[in-house]
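Below is one structure, written out as structure tokens, with a few remarks after it.
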2 protein chains.
Amino acid sequence: MIEHLPTIAQLLKQLQQVPYLASKNIYRVVDYLLTIEQDKAEQLCKAILDAKYNIKQCDSCFVWKEHNRQCSFCDNAKRDATILCVVETWQELIAVEKTGGYNGLYHVLGGVISPLDGLGPEDLTIDQLVQRCIAPIQEVILATNQTPEGEATAVFIASRLKKQAIKVSCLARGIPVGSSLEYMDRLTVFKALNERRPF
Amino acid sequence: MIEHLPTIAQLLKQLQQVPYLASKNIYRVVDYLLTIEQDKAEQLCKAILDAKYNIKQCDSCFVWKEHNRQCSFCDNAKRDATILCVVETWQELIAVEKTGGYNGLYHVLGGVISPLDGLGPEDLTIDQLVQRCIAPIQEVILATNQTPEGEATAVFIASRLKKQAIKVSCLARGIPVGSSLEYMDRLTVFKALNERRPF
């Protein structure tokens, strides 16, 4: 079989570790890589290695930053330094940023507590978060995902922050904009009912 | 925004050209690339560049092969050299190979005739296919996809092969194994009826 050619087998082995390249897609990606011009492939590889070299995590909020520049959040005087939004990964950070409705700082946990995956609180940046929660920070928004692991992580963080004189909030749960009740799952409707607000 | 960091923007630009990395997935891939060990990233880049260097198309059937080795189909004496299966790309070749029910040779077209995409017969390997259709080849199976473009390409190839004393066949159309009629589209049921066979 053609995927047993040594060079293709090695490329497949490397690509299989990249997320979101399912078995069908991976052949198209290999086909793309084999078909493009040599210099395009070199540009792609250069971009990957440049990113490895240039991009580091901010020591304070753990968001990616250029290693020789300041963090675009922590070192940005225009952002509100009294409020902190805690997200699992920078993908969630981008989702929050895209709303255009948040101007505070962030804290990237680097995942969620997930004993089945061998991830405990010590594997995340929770200790660093607790240390950050001093003046001028006044409020921490726990914006973990609405999954069992995300909620458990939020509960854990809230318990760690209990002693600190800080306001801890979480995202509102309810019916997504544009959805109809008919197609919503039971639990979401239940939460939306329970957490109803004055009209 | 974090995706405007120059190094990340460049990586995103390069990755956006890779098929199947939709906007949501691409951030996870970038996250994967930023998170892995330096040497893993280097291995990935080496595999890409090795593939560019080592893998070439066979001059006869246009399947990928190691540049310093023989084609695993054309130069394989165990394969039946009297029958040729014409496929669009090597992804379809892999699908045919996986059946384990075909032992002949292949011919990869490199796509389909698609005027909207600016692809004409001269952009495919149709001329080379017609030239290949001499003894010992006795039968050509047109295994293009069941799309308008795939079928039009098959019709075009069949018309080009008309003058040659060669049997031209195509894949059977009908109800997929395991499917129920109720959920099949009308045209498939119509074709299955029309192309019914003795029980």
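Where a number appears in this text, it was derived from the coordinates with a stated rule and is not lab data. Since the model is a prediction, treat every value here as computed from it, not as a measurement. All Cβ positions, even for glycine, are placed from backbone atoms using ideal geometry, and neighbour counts span all protein chains on display.
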> What nm distances, shortest first, do you get from the label point of residue B:31 to those in the other copies when the point sits 7 angstrom along Cα to Cβ?
Replying inline: 2.9
>> What's the minimum Cβ distance from chain A to the axis relating it to B, in whole Å, and which residue gives it?
In response: A:45, 2
>> Per-residue counts of other Cβ atoms within 10 Å, averaged by peptide: what ranking do you get for A:86-99, A:186-199, highest first?
In response: A:86-99, A:186-199
> Considering the alpha-carbon set of segment B:2-57 alone, what are its Rg and its Dmax in angstrom?
Replying inline: 12.8, 40
> Peptide A:65-72: average number of partner chain Cβ atoms within 10 Å per residue?
Replying inline: 2
> So how strong a dipole does the protein assembly as shown carry about its Cα centre when Lys and Arg Cβ are +1 and Asp and Glu Cβ are -1, to the nearest 20 debye?
Replying inline: 540
> Put a point 7 Å out from Cα along the line to Cβ at residue B:198; what are the distances to that point in the other copies, in nm, shortest first?
Replying inline: 8.4
> Taking the Cβ-Cβ separation of residue B:159 and residue B:78 as r and a Förster radius of 41 Å, what is the calculated FRET efficiency to the nearest 0.05?
Replying inline: 0.80
> Rounded, prolate or oblate: which one fits segment A:78-187, using the alpha carbon gyration tensor with axes a ≥ b ≥ c (rounded when a/c is under 1.5, else prolate when a/b beats b/c, else oblate)?
Replying inline: oblate
> Relative contact order for segment A:69-170 using alpha-carbon pairs under 8 Å, separation at least 6, rounded to a whole percent?
Replying inline: 29
>> Please compute the contact order of chain B in relative form: average sequence separation of alpha-carbon pairs under 8 Å and at least six residues apart, divided by the residue count, as a percent.
In response: 13
> Which pairs in the list B:98/B:167; A:65/B:56; A:46/B:65 are over 28 Å apart, alpha-carbon to alpha-carbon?
Replying inline: A:65/B:56
> Which net charge results for the neighbourhood of residue A:126, defined as the other residues with beta-carbon distances under 13 angstrom from its beta-carbon, given Lys and Arg at +1 and Asp and Glu at -1?
Replying inline: -2
> Among B:82, B:23, B:199, whose Cα lies farthest out toward the positive end of the dipole of chain B, if unit charges sit on the beta carbon of Lys, Arg (+1) and Asp, Glu (-1)?
Replying inline: B:199
> In degrees, nearest 10, range 0 to 90: what is the angle between the Cα axis of helix B:148-161 and the longest Cα principal axis of chain B?
Replying inline: 50
> Considering every residue in B:5-13, what mean count of other chain Cβ atoms within 10 Å of its Cβ is obtained?
Replying inline: 6
>> 7 Å from Cα along Cα→Cβ at both residue B:24 and residue B:173: what's the point-to-point distance in nm?
In response: 3.4
> Which aspartates and glutamates, on any chain, are close to residue B:162 with Cα under 13 Å apart, when same-chain ones fewer than 8 places away are left out?
Replying inline: B:139
> What is the average number of partner chain Cβ atoms found within 10 Å of a Cβ in B:22-31?
Replying inline: 4
> How far is helix A:38-54 tilted, in degrees, relative to the longest principal axis of the Cα atoms in chain A, given as a value from 0 to 90 rounded to the nearest 10?
Replying inline: 40
> Which length gain, in nm to one decimal place, applies between residue A:39 and residue A:123 when the Cα-Cα distance is subtracted from 0.36 nm times their residue separation?
Replying inline: 26.3 nm
>> What does the copy distance list look like for residue B:146, label position 7 Å along Cα→Cβ, in nm and ordered from shortest?
In response: 4.0
> Using Cα pairs under 8 angstrom and six or more residues apart, how large is the relative contact order of segment B:1-101, in percent?
Replying inline: 10
>> List the residues, sorted by chain then number, that are 5 or more residues from residue A:106 or on another chain and whose placed amide H is less than 5 Å from its amide H.
In response: A:85
> To the nearest 10 degrees, how steep is helix A:90-99 against the longest Cα principal axis of chain A, on a 0 to 90 scale?
Replying inline: 60
>> Just to be sure I understand: of the beta bridges DSSP finds with both ends in segment A:1-154, what percent are antiparallel, rounded to 5?
In response: 30
>> Based on alpha-carbon centroids, what's the gap between segment A:172-193 and segment B:95-165 in Å, whole number please?
In response: 52
>> Charges at C-beta only: +1 for Lys and Arg, -1 for Asp and Glu. How large is the resulting dipole of chain B about its Cα centre, in Debye rounded to 20?
In response: 580
> Taking θ as phi - 60°, what are the ³J(HN,Hα) couplings along segment A:72-82 by the Karplus curve (6.51, -1.76, 1.60), each to the nearest whole Hz, with x for Gly and Pro?
Replying inline: 6, 10, 4, 9, 9, 5, 6, 8, 6, 8, 9
